[in-house]
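Participant: Below you'll find the structure I mean.
The values are calculated or read from the model by the stated rules, or taken from the named source; none is laboratory data. Since we're looking at a predicted model, the values are computed, not measured. Reconstructed Cβ throughout: ideal geometry from the backbone, glycine too, with neighbour counts over all protein chains shown.
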2 protein chains.
Amino acid sequence: MAEAAAPRTHRTRSWWGWGWADAHPDDAECLEMGALVPGTLARPLPVPKIADLRIGPPAVTPPAALAPLVTADPAVRASHAMGKAFRDVARALRGRPGRIPDLVAHPRSDRDVADLLEWAGEHGVAVVPYGGGSSVVGGVEYRGEAHRAVLSLDLTAMDAVLEIDTAGRSALVQAGILGPALEDRLRPHGLTLRHFPQSFEFSTLGGWLATRAGGHYATGRTRIDDFAQSLRVVTPAGTGTSWRLPSSGAGPSPDRFFLGSEGALGVITRAWMRLQERPGHKASAAVAFTGLQDALQAVRAIAQSDLLPANCRLLDAGEAALSGASHDGSAVLVLGFESATAPVGDRLGVALDLARTHGGTTAKTGADAPPDAAVGAWRSAFLRMPYLRDGLARMGAVVETFETAATWDAIPALIDDIRTEVGAAARRATGHPALVNCRLTHVYPDGAAPYFTVIAGGRPGDEEAVWDELKSVAEDVLHRHRATITHHHAVGRDHRRSYDRQRPEPFALALRAAKSALDPHGVLNPGVLLDV
Amino acid sequence: MAEAAAPRTHRTRSWWGWGWADAHPDDAECLEMGALVPGTLARPLPVPKIADLRIGPPAVTPPAALAPLVTADPAVRASHAMGKAFRDVARALRGRPGRIPDLVAHPRSDRDVADLLEWAGEHGVAVVPYGGGSSVVGGVEYRGEAHRAVLSLDLTAMDAVLEIDTAGRSALVQAGILGPALEDRLRPHGLTLRHFPQSFEFSTLGGWLATRAGGHYATGRTRIDDFAQSLRVVTPAGTGTSWRLPSSGAGPSPDRFFLGSEGALGVITRAWMRLQERPGHKASAAVAFTGLQDALQAVRAIAQSDLLPANCRLLDAGEAALSGASHDGSAVLVLGFESATAPVGDRLGVALDLARTHGGTTAKTGADAPPDAAVGAWRSAFLRMPYLRDGLARMGAVVETFETAATWDAIPALIDDIRTEVGAAARRATGHPALVNCRLTHVYPDGAAPYFTVIAGGRPGDEEAVWDELKSVAEDVLHRHRATITHHHAVGRDHRRSYDRQRPEPFALALRAAKSALDPHGVLNPGVLLDV
């Protein structure tokens, strides 16, 4: 172990909602927000208590050798029962969480993981790998009754940075490390992973790798995949480590097969990750567009250039208003450039020229309106958003996001259709108009990743069902436009219907065969990616 | 079909050696080259003739429905018997080619491919997918006797560009198209795939995809993989097409599983490929270094910047001399920048500054020594090299290349050890000193891809065996340094020993299981990646 663990924070995580328990909006703030959404409750739902849940004794007992790794503490079990999607929050608020795991294990080594998998396989115990627990697609809960018991395999005790290769800009890191702890360890070396998903504080390296998380970059290497140099994977059929290589053409990439396997093929326990020098040169600006179509043309031009902005987020008028980036009905493009090599002002300049060519106008500068006011507003809103979601959920609102990616030809109609059809479905389901906003989070020369936010008044007591109805409509629109069911939220259990429609059948055959070979007892995250 | 096929060239391909038959060195040139390599023959071996081979009748007859797609013509069969590695050329020169396929099929549609696979499966006929036939790793020949007959599946009749999406910069292309034909079809649209491997003229899109070919870029997106937007794969268990997406996080990437599958899991018949605007801005320069260590430091600094040179090839002193890029014992770094967006002079300038910081000197400019003289010399030599190899082979020399990739920490000792140990092995094997040169073809922030050229006097009549001895020594050095058995030449049959040592066991289990599911009769390119 190259470095000691950093001191743990003493803040408490919310068991039922996003992030820190003390960062949630209070009742007054909930009421204020609720007043903005027609059809919400008159009073916030109470913050749910674990003590109110009926949690039975575990159906299995681990053998003595594994007992020190395992707990049956009800509070720990309850906090591992679900991820952090809106439907998870709504279920917790209504006192009907998913099946609560019988046991939670905190392995400290690959050997521990292998031993736990062996025991689980022998006893028909489902194993649900768990990192930061921030899944929004039902990735960390067990559904159904096919297994006699459920073990949540919490990797967060395996959180060390084991080795740093400064010259080669890489680090060997255990999978259970959370985002801030990893960056804290790398900072003294002048290095960074630069992977900053919205869940950064509450998600782990292993979770990012297992779900192919989308990260900091809006262009180029947008995904954690490209930064994985080597993986160690523990499977019921054995453990393997890919070589640490900058690139290899030896057969299909072993790492790319486990990236995105969502705990169904094995448990990623450590990885050599490619790092970067901390960027010292930065420049950002916001560009306003009166119409979204012009903005899309501008973004496409920038994405097809070789300028490679670190940030290139297009907010539609609703999203820009919601985040405070604009209040006049404009769409706003937030552009950011970063480099450790050379100043980036020129690149920003060329990008702004491209944006202006397509009708964009840059913000006025001056003491009262610094050019990046919209940028700052958007950033703050971005990090606060999941907490606000939970506050609105307490008001009985339906508040959720979903994301996709599609080729440029499909993007305009896709955005229109989602707005129209999900909006109509919300009105049908709740009797109230809904907010359906869109932003582009990642852009590519050949397409983009739209990210939608839906805020609707609820049908009190029935919030999950309402969301399921809206999401089903949304999924059909995505399918019609051949837009992926997920750009970076993963498949989990919630996206299985659409994933199964999207996945080419020969690959499904290969995946099923691989699953049988690697997990012969079918205990690894059952129901994710494949049927139980 | 969106575009008619271009008129075919009337030049004749060499059946035994590289490229065009009329581009091979004549006897006088062979003698001249041979004089430079100690231990070669006094006279060139004669150009081998198909008429001198004993080619029996095929062991199987296709059914009437497939007969129009299939030929048993001995000349066609002989020209499909092997790839274009040195050992293939040597075997042809010595009149002992590998097992000659019984039949060669030229399917015209996915249906044809599926029908051929079905028939082959039912009759135990091995199917070896064949594009341009430029494999240098035994990827397109059959070895052994486990199958009653061998069908070479030549995809080159499926060579249409079916659709071009100009706004989305993508094209749907059949797998059998050769490099020049593809670029010819794209040029009128101002687009290019910009994939220019050394084999460009004689290799196909399908071959590039199936072997994860390395392409034009020395940095960033170095490999065809990143340009594949969607693949269609025909397998004995069914056909599937991945969705056309700019990016997707829905499970492990289906495309990445078939990329690099080398014809063992299915036949890639078409792909949507990401294209680029043709770069109008270019700048290149050569930098000389007195020592390779300094040069490596410079290259690492450039690779770790965000300058992303299109070309960043480091030639060691021997390689620089061989290609005419320098004659004073210097190592030479060939740098090139290209952009369709903006002038690249500044990026070249920053890169040259980095190179100078590490002891590099740029060439003098002036009428007699234009700054890119070394660049031009190297480019011409690069394209002519495979023909010269065949000329030397006719002189009984052993001439071959191999390539790898490793992290930066391993690179200096790896290059030294290959030079020393392969050099010593050559002297042991042939009694003569050998030339062992190195260049870096692709560079990454975390490592590089060294490419070695070996020229040794032969052991007349025994050239393949000599090469196998040298390669075995080389492979052990690669393994010791945990350098991949191949950066972009693929595994084929020649690299199986090292590939099996390198591949993580859980992935081997998954691959074997997938192979059984997709190719239940075990007829697809048997022996490649996995045992028959």
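The rows are residues; the columns are (1) in a loop (DSSP other than H, G, I, E, B); (2) within 24 Å of the chain's Cα centre (by Cα).
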position	(1), (2)
B:T484	yes, yes
B:G492	yes, yes
B:D500	no, yes
B:L509	no, no
B:R512	no, no
B:V528	yes, yes
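Participant: Which numbered condition trips up A:A167, out of (1) over 30 Å from A:Y387 (Cα atoms); (2) out of contact with any Asp or Glu (no Cβ under 7 Å at 6 or more places or on another chain)?
Facilitator: So A:A167 meets the others, but not (2).
Participant: Would you tally the residues in the range B:474-488 being buried (at least 24 other Cβ atoms within 10 Å of the Cβ) and either facing chain A (nearest Cβ under 7 Å) or without any contact (Cβ under 8 Å) to a residue 40 or more places away in the chain (or both)?
Facilitator: Selection size over the range B:474-488: 5.
Participant: Given the condition among the polar types (S, T, N, Q) and not in a helix (DSSP H, G or I), answer yes or no: does some residue in the range B:421-432 qualify?
Facilitator: Taking every residue of the range B:421-432 in turn, none turns out to be among the polar types (S, T, N, Q) and not in a helix (DSSP H, G or I).
Participant: In the list A:P506, A:P526, which residue meets the criterion of being closer than 20 Å to B:G251 by Cβ, in contact with a Leu (Cβ under 7 Å, 6 or more places away or on another chain) and crowded, with 20+ Cβ neighbours inside 10 Å?
Facilitator: One residue alone meets the criteria, A:P506.
Participant: Also: Among the numbered criteria (1) in contact (Cβ under 8 Å) with a residue 12 or more places away in the chain; (2) closer than 30 Å to A:G396 by Cβ, which single criterion is violated by A:Y444?
Facilitator: Among (1) in contact (Cβ under 8 Å) with a residue 12 or more places away in the chain; (2) closer than 30 Å to A:G396 by Cβ, the lone unmet condition for A:Y444 is (2).
Participant: Which one of these is crowded, with 24+ Cβ neighbours inside 10 Å and either under 25 Å from B:S380 (Cα atoms) or touching a strand residue (DSSP E or B) at 6+ places or on another chain (Cβ under 7 Å) (or both): B:W243, B:W208?
Facilitator: B:W208
Participant: Something else now. Among the candidates B:D110, B:D184, which residue alone is farther than 30 Å from B:W467 by Cβ, among the charged types (D, E, K, R) and not assigned by TED's automatic domain parsing to the domain that holds B:A271?
Facilitator: B:D110
Participant: Residues in the range B:72-89 that are surrounded by fewer than 19 Cβ atoms within 10 Å (Cβ to Cβ) and either out of contact with any strand residue (DSSP E or B) (no Cβ under 7 Å at 6 or more places or on another chain) or of a type in the set (S, T, N, Q) (or both): how many?
Facilitator: The qualifying residues number 3.
Participant: Another question, if that's okay. I need every pair where a residue in the range B:412-440 that is within 26 Å of B:A298 (Cβ to Cβ) has its Cβ under 8 Å from the Cβ of a residue that is among the small types (G, A, S) and assigned to a strand (DSSP E or B), sequence separation at least 6 or different chains.
Facilitator: B:L414/B:A406; B:V422/B:A434; B:G423/B:A434; B:L435/B:A456; B:L440/B:A448; B:L440/B:A449
Participant: Pick from the range B:196-228 the residues that are in a helix (DSSP H, G or I) and among the small types (G, A, S): which of them is farthest from B:E403 (Cα to Cα)?
Facilitator: Out of the qualifying residues, it is B:G206.
Participant: Wholly within the range A:1-102, which helices (runs of 4 or more DSSP H) include no fewer than the required count, namely at least 2 residues that are over 26 Å from A:Q198 (Cβ atoms)?
Facilitator: Those helices (runs of 4 or more DSSP H) span A:74-79.
Participant: So which residues in the range B:204-230 are small (G, A, S), more than 11 Å from B:I268 (Cα to Cα) and under 17 Å from the mean Cα position of the chain (by Cα)?
Facilitator: Once the filter is applied, which keeps residues that are small (G, A, S), more than 11 Å from B:I268 (Cα to Cα) and under 17 Å from the mean Cα position of the chain (by Cα), the range B:204-230 yields B:A213, B:G214, B:G215, B:A218.
Participant: Can you tell me which residue among B:Q293, B:Q304 is of a type in the set (S, T, N, Q), more than 7 Å from every other protein chain (Cβ to nearest Cβ) and within 30 Å of B:T362 (Cα to Cα)?
Facilitator: After ruling out the rest, the residue left standing is B:Q293.
Participant: Just wondering, is there one or more residues in the range A:286-294 that are surrounded by fewer than 21 Cβ atoms within 10 Å (Cβ to Cβ) and under 30 Å from A:L186 (Cβ atoms)?
Facilitator: no
Participant: For the range A:433-459, which residues satisfy the criterion of being away from chain B (no Cβ under 12 Å) and part of a strand (DSSP E or B)?
Facilitator: Residues satisfying the conditions are A:L435, A:V436, A:N437, A:C438, A:R439, A:Y451, A:F452, A:T453, A:V454, A:I455, A:A456.
Participant: Still on this structure: Quick test of your reading of the structure: B:L69 fulfils all but one of (1) surrounded by fewer than 18 Cβ atoms within 10 Å (Cβ to Cβ); (2) over 27 Å from the mean Cα position of the chain (by Cα). Name the failing condition by number.
Facilitator: Among (1) surrounded by fewer than 18 Cβ atoms within 10 Å (Cβ to Cβ); (2) over 27 Å from the mean Cα position of the chain (by Cα), the lone unmet condition for B:L69 is (1).
Results for (1) small (G, A, S); (2) within 12 Å of another protein chain (Cβ to nearest Cβ), shown as yes or no for each residue.
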site: A:R379; (1), (2): no, no
site: A:M385; (1), (2): no, no
site: A:L388; (1), (2): no, no
site: A:G391; (1), (2): yes, no
site: A:A397; (1), (2): yes, no
site: A:E400; (1), (2): no, no
site: A:T404; (1), (2): no, yes
site: A:T407; (1), (2): no, yes
site: A:P412; (1), (2): no, yes
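Participant: Could I ask something else about it? Within the range A:473-501, can you find the residues that are of a type in the set (G, A, S) and within 19 Å of A:G527 (Cα to Cα)?
Facilitator: A:A490, A:G492, A:S498
Okay, residues lined up against (1) of a type in the set (D, E, K, R); (2) closer than 21 Å to A:A405 by Cα; (3) modelled with pLDDT under 95:
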| residue | (1), (2), (3) |
| --- | --- |
| A:D462 | yes, no, yes |
| A:E469 | yes, no, no |
| A:A474 | no, yes, no |
| A:T486 | no, yes, no |
| A:P526 | no, no, no |
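Participant: Still on this structure: If the requirement is being farther than 30 Å from A:E475 by Cβ, more than 8 Å from chain A (Cβ to nearest Cβ), in contact with a helix residue (DSSP H, G or I) (Cβ under 7 Å, 6 or more places away or on another chain) and not hydroxyl-bearing (S, T, Y), which of these qualifies: B:A218, B:A271, B:A285?
Facilitator: Of B:A218, B:A271, B:A285, the one residue that is farther than 30 Å from A:E475 by Cβ, more than 8 Å from chain A (Cβ to nearest Cβ), in contact with a helix residue (DSSP H, G or I) (Cβ under 7 Å, 6 or more places away or on another chain) and not hydroxyl-bearing (S, T, Y) is B:A285.
Participant: Also, I was wondering about something else. Can you pull out every residue in the range A:394-442 that is touching a Ser or Thr at 6+ places or on another chain (Cβ under 7 Å), surrounded by fewer than 21 Cβ atoms within 10 Å (Cβ to Cβ) and closer than 29 Å to B:S170 by Cα?
Facilitator: A:N437, the sole residue that qualifies.
Participant: Being without any contact (Cβ under 8 Å) to a residue 60 or more places away in the chain, under 21 Å from B:L162 (Cα atoms) and at the interface with another protein chain (Cβ under 7 Å from one of its Cβ atoms) is the filter here, so list the residues in the range B:221-258 that pass it.
Facilitator: B:Q229, B:V233, B:G240, B:T241, B:S242, B:W243, B:L245, B:P246
Participant: Also, I was wondering about something else. Which condition breaks for B:R480 when tested against (1) modelled with pLDDT under 95; (2) touching an Asp or Glu at 6+ places or on another chain (Cβ under 8 Å)?
Facilitator: Result: B:R480 fails condition (1) only.
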